[in-house]
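Read through the structure below, which is laid out as structure tokens, and then see the notes.
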Amino acid sequence: MAELKNFEADRETAWCPGCGNFPLRTALSEALTEMDLNPEQITMFTGIGQAAKMPHYIKVNGFNGLHGRSLPPAVGMKLANPEMTVIVESGDGCSYGEGGNHILHNIRRNLDIIHLVHDNQIYGLTKGQASPTTGYDIKTDVQTHGINAEPFNPVRFAVGMKASFVARSFVGDREHLKEMIKAARQHRGYALIDIFQPCVSFNKVNTYQWYKERVYKLKDHDPSDYEAAVRLADEFGDKIPIGIIYKEEKPTFRDRIPFLGDRALVNRKVEVQDMEYLLDEFK
Ligand SMILES: Cc1ncc(C[n+]2csc(CCOP(=O)(O)OP(=O)(O)O)c2C)c(N)n1
Ligand code: SF4
Ligand SMILES: [Mg+2]
């Protein structure tokens, strides 16, 4: 029987008081406990940033790698051990900026990975430069006249690529976020959740209040309806929908390569006779 306290890391955080990363960590720990998972069944991969510190602050197996590079080692782990629940967690900069190329190929592969993006619409750790999701009209210490590029809409991008699971949530609604995390785990394939996570120190525009005034929960939306999902993904203004925007059951990377099997490599016998034809070449 899983218990919430199993996920508590005995370490102080370096996050600012009031940071949206705290409720995100609580929602994640609660969701994992409610799914009756234990820390040894989960491996979390992160890059660099405030969000990427998560494996230090929650007790699960963790790999904290380079900025933008959380997905590649997660792919390796999931290929080697399909029994492991693999969570990729990182910021909007790490996931959509430095790591943007990896997302698109993971959508194409559709491996069974849960990707939680702490989207605070800013580079938090490096003190407030614009990230790909920073709003067009926002000025920062570096972008003193505002951002010269249009903001990236990750949900619209993922829906456009027909990623097999695309959701949006907000740390200000813990039950909603938990529901999304559970749905992502149940889903077979790559599951992206873009999570609004206010950075109280460096993003003075996209505050808790800003999100609260705009987000609304989806009702009666059929996530398999692609055209409706595109319309909802485009809705990013006075109103922003949260929930499962798009979902499609389709073959995973594993389904396409039956040789990979459904067990961890470590539990598979090496069938030497299957490789004899290769060894023959060296005789
Ligand atoms: C390749 C590379 N580029 C830039 C940096 C510097 N850097 C470290 S964290 C960071 C921003 C992190 O922002 P985000 O991913 O949104 O995470 P947050 O801190 O907001 O949670 C940057 C630019 C780096 N470490 N490596
Ligand atoms: S800088 Fe922003 S994202 Fe980082 S810990 Fe502080 S409030 Fe959170
Ligand atoms: Mg960020």
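For the reader, a short list of remarks on this structure follows.
Condition check ((1) basic (Lys, Arg); (2) under 26 Å from GLY237 (Cα atoms); (3) outside any helix (DSSP H, G or I); (4) near ligand 1 (Cβ under 10 Å from one of its atoms)) across all residues:
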{"residue": "PRO73", "(1), (2), (3), (4)": "no, no, no, no"}
{"residue": "LYS78", "(1), (2), (3), (4)": "yes, no, no, no"}
{"residue": "ILE87", "(1), (2), (3), (4)": "no, no, yes, no"}
{"residue": "HIS102", "(1), (2), (3), (4)": "no, no, no, no"}
{"residue": "LEU116", "(1), (2), (3), (4)": "no, yes, yes, no"}
{"residue": "GLN121", "(1), (2), (3), (4)": "no, yes, yes, yes"}
{"residue": "ILE138", "(1), (2), (3), (4)": "no, yes, yes, no"}
{"residue": "VAL142", "(1), (2), (3), (4)": "no, yes, yes, no"}
{"residue": "PHE152", "(1), (2), (3), (4)": "no, yes, yes, no"}
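- When residues of region 86-102 are limited to those that are within 19 Å of ALA184 (Cα to Cα) and charged (D, E, K, R), the one nearest to ligand 2 (Cβ to nearest atom): ASP92
- Complete set of residues in region 93-140 that are under 18 Å from HIS67 (Cβ atoms), touching a Pro at 6+ places or on another chain (Cβ under 9 Å) and among the acidic types (Asp, Glu): ASP119
- The residues on offer are TYR246, TYR216, TYR277, and the sole one that is within 26 Å of THR134 (Cα to Cα), surrounded by fewer than 17 Cβ atoms within 10 Å (Cβ to Cβ) and either more than 16 Å from ligand 1 (Cβ to nearest atom) or of a type in the set (Lys, Arg) (or both) is TYR216.
- Unique match (being part of a helix (DSSP H, G or I), of a type in the set (Val, Ile, Thr) and farther than 30 Å from GLY20 by Cβ) among VAL230, VAL270, VAL266: VAL266
Quick note: the coordinates plus some simple rules give every number you see, no bench work behind them. Treat the numbers as computed from the prediction; the structure is a model and nothing was measured. We place every Cβ from the backbone using ideal geometry, glycine too, and count neighbours over all the protein chains shown.
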